[in-house]
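We did not get these values from a lab; they are worked out from the coordinates using the rules stated. Values in this document were obtained by computation on a predicted structure and should not be read as measured data. Glycine also receives a Cβ, built like all others from the backbone with ideal geometry; neighbour counts cover every protein chain displayed.
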Amino acid sequence: MASSYLGPESPRPLSVISEGYQNRYRIPAHPAWEQYTFGNQYERTLEGLVNKYLELGTTDRMCYIGDTKGSMAESLAERFCLLEPLLSVIPGHYSYVETDSKKILSIRVAHVGSEEYFRLQAKEKPEMRTLFDKIVIKDALRYFENPVEMYCNIMKCLKKDGKMLIIHRPSSINTLPVFRNAKQRLEDNEIPYTDIIKDLKSLDFDVQWDIECLNLTISKKKWFSMLKAKFPPQMEILSDFEMMAGIRELADGIMKYEGDLVEFQDRLLFIVVCNPAQKRRGYPGIKRYNADDMVPFPNLKDLNYSMELTPELKQMVKSRSRAAHTDSQSGIVFG
């Protein structure tokens, strides 16, 4: 019997039951000590990588330059039992103004933070400077108004055998699940990582670099909560409206599947910088970490290689003397 009533079906189709829509997402809030961390396993792995590249000792005087969100200063001092007080310096400061179009305009505040601190230290006489054994710069390059000058000033505050470690998350190779608007904005507002290495190379420092991928398991709600709190700190260039729109994009897109736990990788660039052992002419040392040292223009020479043969292969290969004897018997002479 035909009917003009088009009400809801009973029972409802399974596709309708599995779909849902929320005007507002209920994102949980976390305490400060838990809000800005990817978990204990991630932090332990990252601390191990810092030790791998810097070879920290208990007597090292260390300086940490990084954002207060997710700072590693206290955990590094505790894990490696640093006897000298660790100096933590804020990298800089931005003033953020929201425009009528719900975008964020970032304004750098000059003469504050690490750039000003090391500029004043570099002006001091060598015997009056505070010298460090190890310096860590974590996700702070965007704060530097003049990166080249900053690198020079930092290296002046390093001891002769000291090292500087730069931990950078380039947006162009970022593997964290961020929305499209954030990825594009971050790429437009940061220094390309190739320029960082070129700047260090132009200053005649010894540079080693490598890319590390840290495995990460986290709940979707925790990740959304971190994004809402604008963590990682690079996300501060986005307004609250953009963040919520981006979270909805992720929830209705790449993270729209059953289960709360997600696994992904955090790809980080590690750059180790140190003063050359002796002043030299030519090219500065720049290579991938643990790569063999290569001179720019090696002397090419003929090399003789030899390879041992197994008894089975020896039966299949004729020796020179045997081949010459066979050729002489056949009347064939090779000049």
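Before moving on, here are some points about what is shown:
- Dividing the alpha-carbon radius of gyration of region 101-169 by the rule-of-thumb value 2.2 N^0.38 Å gives 1.29.
- Tail beyond 21 Å, pair distance distribution of region 60-157 (Cα, percent): 40
- Entries in K201/K221; K201/K222; K159/K222; K52/K198; K159/K198; K138/K159 that, when Cα-Cα distance is taken, lie over 32 Å: K201/K221; K201/K222; K159/K222
- Burial ordering of Y257, Y96, Y64, fewest other beta-carbon atoms within 10 Å first: Y257, Y96, Y64
- Note on region 157-234: Rg/Rh from C-alpha atoms, Kirkwood Rh, equals 1.05.
- If the segment from I191 to T130 were pulled out straight at 0.36 nm per residue, it would be longer than the present Cα-Cα gap by 19.1 nm.
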